[in-house]
Amino acid sequence: MTPSPPSSPPLTIRHDEVHLWVVEPERVTDPRLLGAYLALLDENERARRLRFRFEKHQHQFLVSHALVRVTLSRYAPVPPQAWRFATNAYGRPDLTGAAPLGLRFNLSHTDGMAVCAVALDTDVGADVEDSGRQGQTVELADSFFAPSEVAALRALPPERQHERFFAYWTLKESYIKARGMGLSLPLDRFAFHLEPGQPPRISFDSRLADEPGAWRFVQLQLSERHPAAVAVRRAWSLPLTVRCQRTVPLAGDEPPWFVTAG
């Protein structure tokens, strides 16, 4: 028997919310589920999946893109396989055609974790990273981060620099993904300011036209090695709630938990 999408009434999402759906792809191994996921993908997605050289990356792509389709169908009476996407000039996928309810979404995945952020009628970006990955981390800051971020990072004790690096990195990625412009936005032209007990704040180089008060950011720790961040275009003065829900697409959900920003 092939798993089918949930038939419960569509979920509602308010303008003061972001819903973040979280799955651990490597834990999804049921052949029936994986076959159902593959059946949801369109021809372009199937071709993109096969371009990955390693099986683990093909698996991550399959589960994370099934997550997007199943998640969107929670909010509208559209079968998961019926969603259609188009990429902008910078490669960000968005819903094409008549997107029900003004839904906006953003996907991020890494080894061990995938997230899909959903918002209503506004720009949203999400990023999750594997902080246990091999290779340079802190050393990259000198080349890519804003001077104030580099100074704050290097002022920390060495044992705290790794964690701070990923805090900056996930926040920066969430912002450029929300803008939909990728690395065409130079990472050193905007800076995050992190104070204990306070939501992250952003500032911009004068060459980067944007308004700090128009953005909200939330940081999350999804597992011991998976920091994440969400960016949403919403005035600083307005309330925002991020609802996080762990799930296995087409199989079941865990009880939700909440992160409130302001």
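Scanning the stretch 163-187 for residues that are open to solvent by 20 Å² or more (accessible area, probe 1.4 Å) and within 21 Å of A209 (Cα to Cα) yields W169, E173, K177, R179, M181, G182, L183, S184, P186.
Please go through the stretch 241-262 and pick out each residue that is closer than 25 Å to L34 by Cβ and among the hydrophobic types (A, V, I, L, M, F, W, C). Across the stretch 241-262, the qualifying residues are C244, V248, L250, A251.
Which residues, counting only those in the stretch 214-262, are within 24 Å of P80 (Cα to Cα) and free of Cβ contacts under 8 Å to residues at least 40 places away in the same chain? Matches in the stretch 214-262: G252, D253, E254, P255, P256.
So that you can scan it fast, the table gives a plain yes or no per residue for (1) out of contact with any Asp or Glu (no Cβ under 9 Å at 6 or more places or on another chain); (2) buried (at least 23 other Cβ atoms within 10 Å of the Cβ):
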{"site": "L103", "(1), (2)": "no, no"}
{"site": "N106", "(1), (2)": "no, yes"}
{"site": "D111", "(1), (2)": "no, no"}
{"site": "A119", "(1), (2)": "no, yes"}
{"site": "D123", "(1), (2)": "yes, no"}
{"site": "A126", "(1), (2)": "no, yes"}
{"site": "G135", "(1), (2)": "yes, no"}
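Condition check for R46 on (1) in contact with a Cys (Cβ under 6 Å, 6 or more places away or on another chain); (2) without any contact (Cβ under 8 Å) to a residue 12 or more places away in the chain: one failure, at (1). Of all the residues in the stretch 191-242, those that are assigned to a loop (DSSP other than H, G, I, E, B), over 19 Å from the mean Cα position of the chain (by Cα) and over 19 Å from V124 (Cβ atoms) number 10. Listed by position, the helices (runs of 4 or more DSSP H) enclosed by the stretch 74-181 that each have at least 3 residues that are under 20 Å from P227 (Cα atoms), at pLDDT 95 or above and aliphatic (A, V, I, L, M) are 147-155, 158-179.
Hey, among the residues in the stretch 197-231 that are closer than 26 Å to H109 by Cα and among the aromatic types (F, W, Y), which one's surrounded by the most Cβ atoms within 10 Å (Cβ to Cβ)? Once the filter is applied, the top-ranked residue is W215. Taken over the stretch 65-87, the criterion of being open to solvent by 30 Å² or more (accessible area, probe 1.4 Å) and under 18 Å from G252 (Cβ atoms) is satisfied by R74 alone. Set side by side, the residues L62, L95, L156 differ, and just one is touching a strand residue (DSSP E or B) at 6+ places or on another chain (Cβ under 8 Å) and either surrounded by 13 or more Cβ atoms within 10 Å (Cβ to Cβ) or basic (K, R) (or both), which is L95. The lone criterion from (1) open to solvent by 50 Å² or more (accessible area, probe 1.4 Å); (2) under 22 Å from A117 (Cα atoms); (3) not in a helix (DSSP H, G or I) left unmet by Q245 is number (1).
E26 passes every criterion in (1) closer than 29 Å to D121 by Cα; (2) open to solvent by 30 Å² or more (accessible area, probe 1.4 Å); (3) touching a Lys or Arg at 6+ places or on another chain (Cβ under 8 Å) apart from (1).
The values are calculated or read from the model by the stated rules, or taken from the named source; none is laboratory data. Predicted model, so just to flag it, every value in this text is computed and none were measured. Methodologically, a virtual Cβ is constructed for each residue, glycine included, from the backbone with ideal geometry; neighbour enumeration extends over all protein chains shown. Please note that ligands, DNA and RNA were not included when accessible areas were found on the heavy atoms of the full protein model with its side chains. Shrake-Rupley method; radii C 1.70, N 1.55, O 1.52, S 1.80 Å.
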